[in-house]
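Enquirer: Input: one structure, supplied below.
Just so it is clear, none of the values below were taken in a lab; they were calculated from the coordinates. Bear in mind the structure is a predicted one, so any value in this text is a computation, not a measurement.
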């Protein structure tokens, strides 16, 4: 039986470290954004200044945004719970009563052929989103 020897020291230049390098690209992008907004390369409605975006984000966080997130998460959890219950009950029904599965499976297979994004316009019309 052979043994595998793993090296723990990585080859490279001594003293070369990436201490500040990971922040260089985001800092350059932020600087480019600031310059583009100041020089009005695009209209302010399309490209607002970074300070405007930061002020808006802070005002949203200090307002009722957190309460709205909680409300949305409650809806998400309720939908997940109802979907899990419905799926479990249908799975048990189809497992216990094969005739029910034979009648409903063609509908499920037909609906499964529709792409997920294809349902969005229908739901927007039905639920008024």
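Enquirer: Using alpha carbons only, how many degrees (0 to 90, rounded to 10) separate the axis of helix 98-112 from the longest principal axis of the chain?
Expert: For helix 98-112, the angle is close to 40 degrees.
Enquirer: Mind sorting out which of [x] 21.4, 81; [y] 27.5, 72; [z] 18.2, 64 is the real Rg and Dmax of the Cα atoms in Å computed from the coordinates?
Expert: Among [x] 21.4, 81; [y] 27.5, 72; [z] 18.2, 64, the one derived from this structure is [y].
Enquirer: Taking only Cα atoms, what is the 0 to 90° angle, nearest 10, from helix 65-96's long axis to the longest principal axis of the chain?
Expert: With rounding to tens, the tilt is 40 degrees.
Enquirer: Output the 0 to 90 degree angle, nearest 10, between the alpha-carbon long axis of helix 24-38 and the longest principal axis computed from the alpha carbons of the chain.
Expert: The two axes meet at around 90 degrees.
Enquirer: A follow-up question, please. What value does segment 21-62 have for Rg/Rh, both radii from Cα atoms and Rh as Kirkwood defines it?
Expert: That ratio equals 1.06.
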